[in-house]
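*Asks:* Before I ask anything, let me first share the structure, which is written out below as structure tokens.
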Amino acid sequence: MRWMILCLALLAGSAQAELTYQLEPRQIAEDVWLVEGSTDNFGRDNGGFILNTGFIVTEYGVLVIDSGPSKRFGEALRAAIARVTDKPPILLILTHHHPDHALGNQAFSDVPIAALEGTRRLLAEQGEAMAENMYRLVGDWMRGTEVRLPTQTLEAGELDIGERRLRLLALSGHSGADLAIFDERSGVLFAGDLLFHQRALTTPGTPGLDVWLEDLARLQALPWQQIVPGHGPITRDAAPFVQMRDYLGWLDQVMRSGAERGAEMNELIRTPIPERFATISLSRYELIRSVSHLYPRYEHSVLQRIDQ
Amino acid sequence: MDWRGLLCLALFAWGWEARAAEQSDPVSSVMWDYYHQRLLDSAAFTFDKRVQVLVPPFAEDARQVPIQIDARSLGARVKRLLVWAELNPIAQVVDFQPGEQVLPFLALRIRVEQATPIRAAVLTEDGLWHVGSARVDAAGGGCTAPSVVRAEAGWEERFGQVLGRRFRLEDSDRLRLQVAHPMDNGLVGGIPEFFIEQAELRDASGQRLASLELFPSVSENPTLSFELREAQGAELWLRDNNGNEFQAAF
């Protein structure tokens, strides 16, 4: 008898294993909604829902910001939007080309998908490889996911949608092509991955930490009321900026001083993480990645031609 | 603790001893026996933590995975140091023979095709191989990915250039260098093997300090680091399998 119960329990367990993203849009300003992900790494438990997406409901329809990590996520996002408004999506804007932000595009193939020219190019170049890696990292959540390139090109400046005016900033510090979206009416700044908060920043494709710091200065100068970072909790104060600057400065110093004293990569990735970054998720993991991405440039700056 | 507890503990300790005597592989690799036979000629060996093999836990860039071997805590004269990646299509990485003046230390970057154990076998003068082990996780593809070097404009002009510098450490001098070379491994789209296969570290008078055989699992634009016991002059000589020779001085 007992084994039968066990079998039934196992069956029930596998039936429950149906993968569903629990997306609960939260209103953060009038007509502005946030779908907040965790600050974890990609995993089979979260299906890659580790980012913040959002949407703005305008009189003409819904403007969606980032489509998420998979087809399934994009579909869940659409369903979640439909739960809070009867307006249809009219435009999807991608902040940048990274897989957690741009692989849900298929679910929005009936509306224009807009991004910076650089984002389109990078997604075309790297999309397939990134999607493949995502299958490895999160598994079946990705089923049916394919790369869909943006269909419209955005440029820096103002974008009017009905009564709403968005200010678009074309920056590059995180991925090489990063769009930040500032909603003038609500004062909400969708910073994309130019801002990480309580989650270690990631550096594949950064043109340099100095460029990133300049981008931060431009973002911080906007008259924002609320900040939506690409990853981590939203704030009404400048905390994400302060943390980002501190962390970028530390990262830069670790590699600069490392290169000066002739440190190896394997020594740098074991650098102690300062106590003040203890609350930041995944800092060791991201330090290992950042050293791989960036240390060769620092090494180059201290080595000299010695061939004869 | 009563006598039963003690007995239990004794049994456990005995079992543990027996296990240790069998030399259990710290990274449980199915390939160990094969490489023990092929590269170490089935000679006497011991898995030895004093042969430190530093690798990142995962390969962020499978074409450039940094590995660092340090066997100085053996406190013995090292005759040879072999490094290999057990699940790579080209497993062997380097065969390093440091002389008296050169520390049993080596850092370089390699390509990995998949997650793999990394081994460093160090031969001491008593004829025993001390084997250090580590494991690196990887999405893979590093050995068959298209060359980054060959995609760069003007790489032919930089070919053979050596960047380097000497760094004073606490009790040694570290020599770090990078050679501009595609290190083609023959596994990528119709490009035959073309790689640096021999290197020698020499003193100012041309006497050999260490010699090195490299295999094409070493990354393109190879980076190498050595450590010298003393602050003496050093030159590096390299030769690739097409006969090109390169020379650099620290």
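The values are calculated or read from the model by the stated rules, or taken from the named source; none is laboratory data. Being a predicted model, the structure only gives us computed values, none of them experimental. For neighbour counting, all protein chains shown are included, and Cβ atoms are generated from backbone atoms with ideal geometry for every residue, glycine included. We work out accessible area using only protein heavy atoms, side chains counted, and drop any ligands, DNA or RNA first. Shrake-Rupley method; radii C 1.70, N 1.55, O 1.52, S 1.80 Å.
*Asks:* Determine whether A:Ser109 is open to solvent by 10 Å² or more (accessible area, probe 1.4 Å), small (Gly, Ala, Ser) and either farther than 18 Å from A:Asp193 by Cβ or touching a Phe, Trp or Tyr at 6+ places or on another chain (Cβ under 9 Å) (or both).
*Replies:* Numbers: open to solvent by 10 Å² or more (accessible area, probe 1.4 Å): yes; small (Gly, Ala, Ser): yes; either farther than 18 Å from A:Asp193 by Cβ or touching a Phe, Trp or Tyr at 6+ places or on another chain (Cβ under 9 Å) (or both): yes.
The answer is yes for A:Ser109.
*Asks:* Could you say which residue among B:Ala180, B:Ala199, B:Ala145 is within 14 Å of another protein chain (Cβ to nearest Cβ), open to solvent by less than 10 Å² (accessible area, probe 1.4 Å) and either within 30 Å of B:Thr116 (Cβ to Cβ) or among the hydroxyl-bearing types (Ser, Thr, Tyr) (or both)? Walk me through it before giving the result.
*Replies:* Working: B:Ala180 fails: open to solvent by less than 10 Å² (accessible area, probe 1.4 Å); B:Ala145 fails: open to solvent by less than 10 Å² (accessible area, probe 1.4 Å).
None of the other options fit; the residue is B:Ala199.
*Asks:* Further question on the same structure: For the range B:50-70, what are the residues that are at the interface with another protein chain (Cβ under 8 Å from one of its Cβ atoms) and not in a strand (DSSP E or B)?
*Replies:* B:Val55, B:Pro56, B:Pro57, B:Glu60, B:Asp61, B:Gln64
Residue-wise test of (1) among the hydroxyl-bearing types (Ser, Thr, Tyr); (2) within 19 Å of B:Trp155 (Cα to Cα); (3) buried (at least 22 other Cβ atoms within 10 Å of the Cβ).
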residue	(1), (2), (3)
B:Phe194	no, yes, no
B:Ala204	no, no, no
B:Gln207	no, no, no
B:Ser211	yes, no, no
B:Leu214	no, no, yes
B:Thr223	yes, yes, yes
B:Leu228	no, no, yes
B:Arg239	no, yes, no
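*Asks:* Restricting to the range A:178-201, and then to whatever is in contact with a strand residue (DSSP E or B) (Cβ under 7 Å, 6 or more places away or on another chain) and in a loop (DSSP other than H, G, I, E, B), can you tell me which residue is nearest to A:Pro99 (Cα to Cα)? Let's see the steps before the verdict.
*Replies:* Taking the range A:178-201 and keeping what is in contact with a strand residue (DSSP E or B) (Cβ under 7 Å, 6 or more places away or on another chain), we get A:178-200.
Now restrict to residues that are in a loop (DSSP other than H, G, I, E, B): A:184-187, A:197-198, A:200.
Numbers: A:Glu184: 28, A:Arg185: 30, A:Ser186: 28, A:Gly187: 27, A:His197: 19, A:Gln198: 20, A:Ala200: 17 Å.
Among those that are in contact with a strand residue (DSSP E or B) (Cβ under 7 Å, 6 or more places away or on another chain) and in a loop (DSSP other than H, G, I, E, B), it is A:Ala200.
*Asks:* OK, next. Of all residues being part of a helix (DSSP H, G or I) and without any contact (Cβ under 8 Å) to a residue 24 or more places away in the chain in the range A:250-269, which is surrounded by the most Cβ atoms within 10 Å (Cβ to Cβ)? Just the residue, please. Steps first, answer last, please.
*Replies:* So the first thing to find is which residues in the range A:250-269 are part of a helix (DSSP H, G or I), and the list is A:250-260, A:265-268.
Restricting the remaining residues to those that are without any contact (Cβ under 8 Å) to a residue 24 or more places away in the chain gives A:253, A:257, A:266-267.
Working: A:Gln253: 10, A:Ser257: 13, A:Asn266: 22, A:Glu267: 16.
It comes out as A:Asn266.
*Asks:* Limited to the range B:155-174, what total is found for residues that are hydrophobic (A, V, I, L, M, F, W, C) and either more than 13 Å from A:Gln308 (Cα to Cα) or outside any strand (DSSP E or B) (or both)? Before the answer, list the steps.
*Replies:* So in the range B:155-174, the residues hydrophobic (A, V, I, L, M, F, W, C) come out as B:155, B:159, B:162-163, B:167, B:169.
Filter again for either more than 13 Å from A:Gln308 (Cα to Cα) or outside any strand (DSSP E or B) (or both), leaving B:155, B:159, B:167, B:169.
Within the range B:155-174, residues that are hydrophobic (A, V, I, L, M, F, W, C) and either more than 13 Å from A:Gln308 (Cα to Cα) or outside any strand (DSSP E or B) (or both) number 4.
*Asks:* Given the conditions (1) open to solvent by 20 Å² or more (accessible area, probe 1.4 Å); (2) farther than 30 Å from A:Leu287 by Cα; (3) under 14 Å from the mean Cα position of the chain (by Cα), and given that B:Gln52 satisfies all but one, which numbered condition is not satisfied?
*Replies:* The one condition B:Gln52 does not meet is (2).
*Asks:* Mind listing whichever residues of the range A:56-78 are free of Cβ contacts under 8 Å to residues at least 40 places away in the same chain and either surrounded by fewer than 16 Cβ atoms within 10 Å (Cβ to Cβ) or among the β-branched types (Val, Ile, Thr) (or both)?
*Replies:* Correct list: A:Val57, A:Val62.
*Asks:* Related question: Does A:Arg236 satisfy the criteria of being charged (D, E, K, R), without any contact (Cβ under 8 Å) to a residue 24 or more places away in the chain and within 14 Å of chain B (Cβ to nearest Cβ)? I'd like the intermediate steps shown before the answer.
*Replies:* Values: charged (D, E, K, R): yes; without any contact (Cβ under 8 Å) to a residue 24 or more places away in the chain: yes; within 14 Å of chain B (Cβ to nearest Cβ): no.
In short, no.
*Asks:* A further question follows. Tell me which residues, restricted to the range A:280-294, are more than 9 Å from chain B (Cβ to nearest Cβ) and over 19 Å from the mean Cα position of the chain (by Cα).
*Replies:* Of everything in the range A:280-294, just one residue is more than 9 Å from chain B (Cβ to nearest Cβ) and over 19 Å from the mean Cα position of the chain (by Cα), namely A:Leu294.
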